[in-house]
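Here is the structure we will look at, set down as structure tokens.
Just so you know, all these numbers are worked out from the coordinates, no wet-lab data involved. Not measured: the values here are computed from a predicted model. No Cβ is skipped: glycine too gets one built from the backbone with ideal geometry, and neighbour counts run over all protein chains shown.
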Amino acid sequence: MADYLSYMDQLNEAERIRAPDTPESLIGRLAALPAAWDMLDDYGLDVYSKQIVGRVATTAEVRDRRGRPMVTGVNFGSQDYLSLASHPAVMKAATDAIERYGVHVGGSAALMGNCAPSWLLEKQLCDWLQLSDCSLFPTGWGAGYGAIRALVRPRDHIVIDRLSHASLHEGARAATRHVHVFNHLSLESLERQLKLVRERSANVGILVVTESLFSMDSDVPDLRAHQELARRYGATLMVDMAHDLGSMGANGLGALEQQDMLGKVDVVMGSFSKTFTSNGGFVACNSPGLKLAIRFGCGPHTFSNAMSPAQASVVLKNLEIVRSSEGAHRRALLQRNSVALRKVVADAGTPAMGIPSAVVPVPMGSTGRCRMVSRFISEGGAVCNAVEYPAVPREGARLRLQVMADHALEDIELFRGIYTRALAQADAALAAFGCSEALGEDAGEPYDSALAPLSTIDPVLQAEI
Ligand SMILES: Cc1ncc(COP(=O)(O)O)c(C=O)c1O
């Protein structure tokens with residue numbers, strides 16, 4: 001789709017050259033998009049508009065962009081890592097909070113939007129993370145973007161891991177034009193960039209940005225070495241803990257805990273949208289100054305409505321569970337499931353990337369193959385997500401399977417058959433289109449290789465609209 005958008009831009013550019021005196025219509029130039037998108041829909045190749053019907057759970061009912069039934073099946077596409085989204089105690093915390101506080105705080109944190117549960121949540125996060133100050137944000141996206149904007153001035157420099165989340169890259173580009181990208185996880189590349197900046201200027205501020213578990217690759221940086229390098233070059237380190245906080249580590253504190261770096265990283269941030277089953281995010285550090293700078297000069301905190309009391313109460317309850325023996329048990333189940341799912345995809349000849357975590361990324365090569373496999377997984381009765389350029393490199397498209405603590409091993413075994421069939425069906429369909437991406441000699445043999453619109457495969461889909 002990124003390529004299609006840039007193709008449309010090229011057409012528009014050609015039109016601008018052809019008719020230099022005609023003003024370009026910002027809305028008009030998007031007119032071709034719906035027809036192309038509808039076609040993707042019809043062939044089951046729109047992987048970015050799925051909607052879930054009912055609760056997030058290990059099975060899900062999913063509809064497409066136009067509300068047509070797509071699949072009801074085993075769900076490897078949700079970020080409810082410890083299966084807490086429908087936990088009775090968590091749901092009760094939400095309803096109790098609504099009963100007590102209503103549904104809305106009616107302001108940003110700077111305008112009375114903090115409430116009793118969010119104040120308590122900030123305190124508890126400080127205690128857990130062993131840091132003195134914490135600020136909440138309405139989204140994790142805003143936390144990453146906002147922390148960078150609050151820390152970095154236009155004269156400062158940012159050195160950022162290539163695969164960092166979009167919120168971090170966008171925050172970096174908005175904060176300064178001095179953004180340097182280092183190769184993913186590479187300490188040599190990080191040091192090279194730091195050295196170059198310092199050689200040019202002894203006194204500029206530098207922010208180093210990375211994540212503690214990268215969700216596109218399921219891999220982890222050496223955080224101690226990152227922090228040491230940052231100190232050596234007079235830089236500040238910021239780590240995004242969105243994916244491992246709560247879901248990994250003996251006490252749920254992720255790679256920071258596993259690397260004995262708790263309370264030792266300059267700035268940490270996270271999102272509640274995975275393990276903590278709520279919208280929201282946080283930034284924590286040992287600096288009351290940063291907390292106040294965020295309060296008054298950070299768009300997504302200062303000028304955006306604060307988390308609601310129910311959201312803060314949900315996160316508080318989740319935090320209690322995450323820190324309890326139940327949390328440890330759920331993390332163990334999650335880890336077991338991740339290992340089992342990784343074995344399933346490896347047995348099918350497509351080993352997952354990285355280490356066992358809630359995210360199981362499976363490389364598919366081209367975007368086309370990835371979407372095709374994803375379509376046949378849906379048809380087979382399972383749900384998962386796909387990621388492609390520009391979120392990952394070209395030819396680096398991958399399925400992003402996400403496991404939950406409540407998946408049974410039977411769910412994962414069920415996926416084995418669905419996945420193996422989907423790979424063969426996708427490669428057969430691609431071969432029928434003359435694409436040379438089919439893997440393995442027998443790919444495509446047992447299946448009808450002509451790709452038909454979904455409506456001709458399953459008329460029930462149409463009937464149910
Ligand atoms: C690494 C990382 N940081 C930040 C975010 C943004 O979090 P949220 O969904 O809470 O806005 C995400 C979520 O996709 C993420 O994966």
Given Cα pairs under 8 Å that are at least 6 residues apart, what percent is the relative contact order of the chain?
20 percent
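With contacts defined as alpha carbon pairs under 8 Å and 6 or more residues apart, what's the relative contact order of region 88-322 in percent?
Numbers: 489 pairs, mean separation 76.3, N = 235.
Worked out over region 88-322, it gives 32 percent.
Subtracting the Cα-Cα distance from 0.36 nm times the residue separation, let me have the gained length for Glu15 to Asn286 in nm, one decimal.
Values: separation 271, 0.36 × 271 = 97.56 nm, distance 5.43 nm.
Length gained, Glu15 through Asn286: 92.1 nm.
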Residues meeting the amide H criterion for Glu211 (H placed from the backbone, H to H distance under 5 Å, 5 or more places apart or on another chain) are Asp240
For region 392-403, take each phi angle, set θ = phi - 60°, evaluate the Karplus expression 6.51 cos²θ - 1.76 cosθ + 1.60, and give the result in whole Hz per residue in order, putting x for glycine and proline.
10, x, 4, 6, x, 4, 8, 7, 10, 7, 10, 9
As a test, work out the antiparallel percent of DSSP beta bridges whose residues both lie in the chain, rounded to the nearest 5.
60 percent
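Please state, as a whole number in µm²/s, the translational diffusion coefficient that the Stokes-Einstein equation yields for the chain at 4 °C and 1.567 mPa s, with Rh defined as the Kirkwood radius across alpha carbon pairs. If you can, show how the numbers build up before the last one.
Details: Rh = 23.8 Å.
Stokes-Einstein gives a translational diffusion coefficient of 55 µm²/s.
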In nanometres, what is the gap between the two model label sites at Asp96 and Arg155, each 7 Å from Cα along Cα-to-Cβ?
5.1 nm
Quick P(r) readout (region 11-119; Cα-Cα; 10 Å bins; whole %) gives 11, 22, 21, 23, 17, 6, 1
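Keeping to pairs on different chains or 8 or more places apart, tell me how many lysine pairs in the chain have Cα atoms under 16 Å apart. Working shown, then result.
Working: Lys92/Lys317; Lys123/Lys291; Lys123/Lys317; Lys274/Lys317.
For the chain, the number of qualifying lysine pairs is 4.
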Grab the DSSP H runs of the chain that are 4 residues or longer, score each as -39,500 (n - 2.57), total them, divide by all residues and round the 222 nm result to the nearest 500 deg cm²/dmol.
-13500 deg cm²/dmol
Just report the Cα centroid separation between region 236-264 and region 1-60, whole Å.
38 Å
With the dipole of region 88-322 defined by +1 on each Lys or Arg Cβ and -1 on each Asp or Glu Cβ, the option from Ile206, Pro88, Leu129 whose Cα lies farthest towards the positive pole is Ile206
Between the residues Ala328, Met364, Ala346, the Cα farthest towards the positive end of the dipole of region 292-368, that dipole coming from +1 and -1 charges on the beta-carbon of Lys, Arg, Asp and Glu, is from Ala328
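Roughly how many debye, to the nearest 20, is the charge dipole of the chain about its Cα centre, given +1 on each Lys and Arg Cβ, -1 on each Asp and Glu Cβ, and no other charges? Display every interim value, and only then the final one.
On the way: 44 positive and 52 negative charges, 325 e Å.
It works out to roughly 1560 debye.
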Residues with amide H under 5 Å of His157's amide H, sequence separation 5 or more or different chain, H placed in the peptide plane at 1.01 Å from N; which?
Gly205, Ile206, Leu207
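Given Cα pairs under 8 Å that are at least 6 residues apart, what percent is the relative contact order of region 255-355?
Values: 58 pairs, mean separation 18.0, N = 101.
Across region 255-355, relative contact order equals 18 percent.
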Can you work out the FRET efficiency for the pair Leu196 and Ala35, with r the C-beta to C-beta distance and R0 = 60 Å, to the nearest 0.05?
0.80
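Starting from the Kirkwood radius over alpha-carbon pairs of region 88-322, derive D by Stokes-Einstein at 37 °C in a medium of 0.692 mPa s and give it in µm² s⁻¹.
This corresponds to a translational diffusion coefficient of 185 µm²/s.
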When Rg is the radius of gyration of the Cα atoms in region 335-401 and Rh is its Kirkwood radius, what does Rg/Rh come to?
0.95
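Compute the length gained on full extension between Ser325 and Ala432: take 0.36 nm times their separation in residues and subtract their Cα-Cα distance, giving the result in nm to one decimal. Walk me through the numbers on the way to the answer.
On the way: separation 107, 0.36 × 107 = 38.52 nm, distance 5.28 nm.
Residue separation times 0.36 nm, minus the Cα-Cα distance, leaves 33.2 nm.
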Of the candidates Thr277, Asn12, Pro309, the farthest towards the positive dipole end of the chain (Lys/Arg Cβ +1, Asp/Glu Cβ -1, centred on the Cα centre) is Pro309
